[in-house]
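Novice: Mind looking over this structure? Questions follow.
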Amino acid sequence: MIPAHLSLVPLSPERRAAMQAIAEVESTASRGIYSAAYPYTRAFFRHFRGSQRVTVREINYFAPVLTAQELRGRKDSWLNAIDRLIESRGTRCYLPLPSHAGSLIFPEVVFQETERRRRQTELKEERYSRQRRRQASSHERAYQALAAQAEIDLAFQTPETVSSWGSRWSGTKLKQYDLEDMFFRWSERFPSLISLERRDFYGQPFWRVMYEASMRAKEAGPAVRSLERWMVPNKLISKGEPERCTGRKLSDG
């Protein structure tokens, strides 16, 4: 069964009366006919209760405990509030009407207000999510830039100097896993570190890795250490320096 407030012809008498009042007042206004004060209120109660005059009995529909004595001197306020309520289709509910007065005649207002709040909440959450994504993206870019600096710095180290690199970058925001990943990829280039295995240092602090690397560099022979120093890509040749040649120098003539 279709709920009363969703039917095309309202089964709710107060809703039907409100729709009739709105149609009547707007039709009268479109013809340029003058309406008395509070036209929506008067038309509503005429269709709803068959009343030509609005008394405390009619207003009790919105405020059942209101007495004639309490209404005295405040009637215009009540009539004006009811008039604005019906004219706005329940969206404007002013004092002295109770806050739920609009839902008595226009139940869809509750749905609209709930939907509006839900949508506002979704928009806030969406803005917050976008802000969080931007922050995460910014942090990721900053982290990748820092990691790139560490990797460039590592490229100019030898097994003899790598422990200073480890001390320098361990105090940054770089994760130990990433530092280890850089180091063990870099270590494959050097003969003195070729036997280092990452799995042997699982769960140990990074300084242990650096310590082992420096010890192996010290244990390597002078020839190995000299070779490893020349493997670092920081050897610049002056343009004025003569090129070395391995061939035999020919005698003049």
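The values are calculated or read from the model by the stated rules, or taken from the named source; none is laboratory data. Predicted model, so just to flag it, every value in this text is computed and none were measured. FYI the Cβ positions are ideal-geometry reconstructions off the backbone, even for glycines, and counts take in every protein chain you see. Heads up: the accessible areas ignore ligands, DNA and RNA and are worked out on the full protein's heavy atoms, side chains in. Shrake-Rupley method; radii C 1.70, N 1.55, O 1.52, S 1.80 Å.
Novice: For S214, which of the numbered conditions (1) over 29 Å from E140 (Cβ atoms); (2) assigned to a loop (DSSP other than H, G, I, E, B); (3) of a type in the set (G, A, S) fails to hold?
Specialist: Among (1) over 29 Å from E140 (Cβ atoms); (2) assigned to a loop (DSSP other than H, G, I, E, B); (3) of a type in the set (G, A, S), the lone unmet condition for S214 is (2).
Novice: Across the range 30-49, which residue is nearest to the chain's Cα centre (by Cα) among those that are part of a loop (DSSP other than H, G, I, E, B) and surrounded by fewer than 17 Cβ atoms within 10 Å (Cβ to Cβ)?
Specialist: My answer is A37.
Novice: A further question follows. For the structure I just gave you, tell me whether P205 is under 19 Å from V224 (Cα atoms) and of a type outside the set (V, I, T).
Specialist: No.
Novice: For S77, are the conditions met, namely being farther than 18 Å from A37 by Cα, of a type in the set (G, A, S) and out of contact with any helix residue (DSSP H, G or I) (no Cβ under 9 Å at 6 or more places or on another chain)?
Specialist: no
Novice: Something else: Determine which single condition L196 fails, assuming it passes every other condition in (1) of a type in the set (A, V, I, L, M); (2) assigned to a helix (DSSP H, G or I); (3) open to solvent by less than 80 Å² (accessible area, probe 1.4 Å).
Specialist: It fails just one condition, (2).
Novice: Name, by its number, the condition in (1) at pLDDT below 85; (2) open to solvent by 60 Å² or more (accessible area, probe 1.4 Å) that does not hold for R130.
Specialist: (1)
Novice: For the range 50-87, how many residues are open to solvent by 40 Å² or more (accessible area, probe 1.4 Å) and touching a Phe, Trp or Tyr at 6+ places or on another chain (Cβ under 8 Å)?
Specialist: 4
Novice: Looking only at the range 22-38, decide whether some residue is closer than 17 Å to L104 by Cα, of a type outside the set (A, V, I, L, M) and either touching a Gly at 6+ places or on another chain (Cβ under 6 Å) or modelled with pLDDT of 85 or more (or both). So that I can check it myself, show each step before the final result.
Specialist: Residues of the range 22-38 closer than 17 Å to L104 by Cα: 22.
Next, from what is left, pick out any that are of a type outside the set (A, V, I, L, M): none.
No: zero hits.
Novice: Can you find a residue that is aliphatic (A, V, I, L, M) and touching a residue at least 60 places away in the same chain (Cβ under 8 Å) anywhere in the range 164-174?
Specialist: No: the range 164-174 contains no residue that is aliphatic (A, V, I, L, M) and touching a residue at least 60 places away in the same chain (Cβ under 8 Å).
Novice: Could you list, ordered by first residue, the pairs with Cβ atoms under 6 Å in which the first is in the range 102-115 and more than 15 Å from F45 (Cα to Cα) and the second is among the aliphatic types (A, V, I, L, M) and open to solvent by 40 Å² or more (accessible area, probe 1.4 Å), at least 6 apart or interchain?
Specialist: Listed by first residue and then by second, the contacts come to S103/V110.
Novice: Also, I was wondering about something else. Quickly run through the range 93-107 and pick out the residues that are surrounded by fewer than 18 Cβ atoms within 10 Å (Cβ to Cβ) and touching a Gly at 6+ places or on another chain (Cβ under 8 Å).
Specialist: S103
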